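See below for the structure under consideration.
The values are calculated or read from the model by the stated rules, or taken from the named source; none is laboratory data. All of these numbers come straight from a predicted model, not from anything done at the bench. Here Cβ is always computed from backbone atoms with ideal geometry, including for glycine, and neighbour counts include all displayed protein chains.
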């Protein structure tokens, strides 16, 4: 129903809804077998950081479109870079993750 009206955006929205539903079903099913503490507050903070990043990318994209006609790839690299940096700063500021965890993850990735 959504895909014919919205095209690829409808497909993305539909996929997002399906994945959220599946994740929540898995968590609630898992709780039947083992004691699981669900980090709802951290999930909400992560969603907030993602929405702020998304808004920043849209705003930056509009600003770049108005001030200069950049190459589409350069535009994408600038927006992705600024968005990623903002997201990283937000998840650190909101204490979703800390520098120690980032170092451990980087070390784990480099050891492969």
Picked from segment 1-17 (must be touching a helix residue (DSSP H, G or I) at 6+ places or on another chain (Cβ under 7 Å) and either at pLDDT 90 or above or assigned by TED's automatic domain parsing to the domain that holds residue 50 (or both)), the residue farthest from residue 47 (Cα to Cα) is 11
Checking 20, 27 in turn, the sole residue that is assigned to a helix (DSSP H, G or I) and modelled with pLDDT of 90 or more turns out to be 20
Q.
When you check residue 38 against the structure, is it in contact (Cβ under 8 Å) with a residue 24 or more places away in the chain, in contact with a helix residue (DSSP H, G or I) (Cβ under 8 Å, 6 or more places away or on another chain) and outside any helix (DSSP H, G or I), yes or no?
A. no
Among (1) loosely packed, with under 10 Cβ neighbours inside 10 Å; (2) touching a helix residue (DSSP H, G or I) at 6+ places or on another chain (Cβ under 9 Å); (3) under 26 Å from residue 24 (Cα atoms), residue 91 falls short only on (1)
Residue 44 vs. criteria closer than 22 Å to residue 90 by Cβ and either under 17 Å from the mean Cα position of the chain (by Cα) or surrounded by 10 or more Cβ atoms within 10 Å (Cβ to Cβ) (or both): yes
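Out of segment 66-80, which residues are out of contact with any helix residue (DSSP H, G or I) (no Cβ under 8 Å at 6 or more places or on another chain) and surrounded by 11 or more Cβ atoms within 10 Å (Cβ to Cβ)?
Taking segment 66-80 and keeping what is out of contact with any helix residue (DSSP H, G or I) (no Cβ under 8 Å at 6 or more places or on another chain), we get 66-69, 71-74, 76-77.
Scanning segment 66-80 gives 74, 76, 77.
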